[in-house]
Amino acid sequence: MFENEDKRRCSVCKIPFFERNNYFFGKLMTVRDYFAEQCYFNEKRWLINRMVHGWGIVCGLDVKRISKDPADHNRGYFDTKVKVTEGLAIDCCGREILVCEDQYIDLDPEKSECDQEKVKKEKLHNLVICLEYNECKSESINIKPTDCDQNEKYEFNRIRDSFKIRVRYKEDIDIEKTSGRLCPLDNRIGPWFEWDEVRGKDELRFKEYLIQKYNVDWVKEANIEKDDRIIKVYTNENNNSLSLEINEEKTKAILIIDEIWTDEFIVKKEKNEHEHKHEIIVFKNQTVHHYLCNELKKGCPECPKHACLILAEVTIVPSSGTESSQLLKIDVCSRRKLVYSNPLLYDMINCYHGDLPHITSINWPHGKDMKWSHFVELIRRDEENPDDEGPGLQVGFDREVIGVNARTFLFVVKYREDREGGFSEDRYIPGKVFYDAKIKKWVFKVDLDWYLDLRISALQEGAGFKIVLRGDHILDKETNKALDGNFIGGKLPSGNGTQGGDFVSWFYVEENPDYESHKPKHSKM
């Protein structure tokens, strides 16, 4: 191990500054100088590893049971040994740990007197397999005697980065959560407190929120003064101050901590059971950036006091009351921290959001007016001469998809139900949906009977039409990923980078100029 143990500093502020050699001609280089040179680059790299990349398992390091007979697994497995495969990890201090050969580990935890008592009382053993960074000196060399000391000495020529694998009792280590430390969804919008009850029933909740959100522990014992516009929280000893001020319109409240604008909240007026209006302070709907900023400024994460880079959790259960027969359960993933490298993050993003099918073309004018003659030409049906039919509603995709049918490709008319000018409702237009291999597009064609009824239909007065494709149920034929269907801003290709979402488009058909009617016109969608 390194003699200068203080150089293995894991907390950010344990390294007050980085310092390297200044070289100049004639400088006498000592062991201290060379050691400082190594520490400068090592500690910078370790700092970036733990604070930027994070610590945990990078790859490999699986934990497996060992077969008693590799040629015949039916002969069972050893109950007291496991195998750790090769791999790479970063410990909580940012140090790289490289395991290049399979390691065979005895499930024998390091024992203390307390551990011995624990083993006697408990039949169920909960163990964890920990990977630790270790330095060992190698290449022993002899040092020539000096004039002052004629005794022969030796020293090590290299310091090798190595590792140790320890088996520990689960309760003897500090196990961090593998995920979920930061989640903007936890900061939901909702009531906070009533202004009039800050020095009453809501005072404790008010203080607890300030401590949790803004890390101001001093408010626990602070004094509170309040009037109609300002709540003041202060201490006499440390000159700490905090105030919450409502604007004149009573629409928002500003939080000021130690004379610094800190946050802003929404004020809502609600009626209580006695019909008196009172002000309710509610959370502001924070952006993800502001949430992360508020969380990260609280401080840098520290290594746990009893840190362990967990490879697996092992549970040993006696199976029939005898010590010689026991069951072994190996949980590799539940407690394992992972390092999310850029390639891994890309794969995850690509898995959920990449290579999604999109709608790339439509053959109607989205959001615009269409002449009656053009509409009839678009949907025209001819039972006797199908080749003379209109093109129908056509939709093109950038990938081969499945699941497009009459339930997921919908044609809807905004139909006037009340002839006196009352309400209107959506009605689904019957039709068939099929794939046209010649043009490589999906086509919706209205039923022949519905088309023939247009000649006497009140739709000739003009109407709004809507086309909907259910993106949740239209899938990529190869990957089974859902259609990225949201029609953002009416621009193609569709999508917002996530699977699913309905593609909704519309157009308005003008009145047939040959249709004589004095009935009121339909409004646009």
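Read the figures in this text as sums done on the coordinates, not as results from a lab. Note that the coordinates shown come from a computational prediction; the quantities given were computed from them, not determined experimentally. Neighbour counts are summed over all protein chains in view; Cβ atoms, including those assigned to glycine, are modelled from backbone coordinates with ideal geometry.
In region 359-517, Cα pairs under 8 Å separated by at least six residues give a relative contact order of 28 percent.
The Cα atoms of region 359-517 give a gyration tensor whose axes a ≥ b ≥ c have a/c of 1.5 or more with a/b greater than b/c, which makes the shape prolate. Model label points for residue 438 and residue 212, set 7 angstrom from Cα along the Cα-to-Cβ axis, are 6.6 nm apart. Taken along the Cα-to-beta-carbon direction at a fixed 7 Å, the label points for residue 161 and residue 488 span 4.1 nm. When the square roots of the Cα gyration tensor eigenvalues are ordered a ≥ b ≥ c, the ratio a/c for region 47-94 is 1.5 or more and a/b exceeds b/c, which makes its shape prolate.
Considering only Cα-Cα distances, which of the following residue pairs are longer than 31 Å: 14/153; 329/481; 371/477; 371/441? Beyond 31 Å: 14/153; 329/481; 371/477. With 0.36 nm allotted per residue and the present C-alpha distance subtracted, the residue 74-residue 134 stretch has 17.8 nm of extension available.
Kindly list the residues of region 44-59 that lie in the label zone of residue 12, defined by a backbone N under 20 Å from the point 7 Å along the Cα-to-C-beta vector. Once the point is set 7 Å along Cα→Cβ of residue 12, 44-56 turn out to lie under 20 Å by backbone N, inside region 44-59.
Placing pseudo-labels 7 Å out from each Cα toward the beta carbon at residue 298 and residue 399 gives an inter-label distance of 3.8 nm. Between beta-carbons, use under 9 Å as the cut-off and find the net charge around residue 96, counting Lys and Arg +1, Asp and Glu -1. Every neighbour counted, the sum reads 0.
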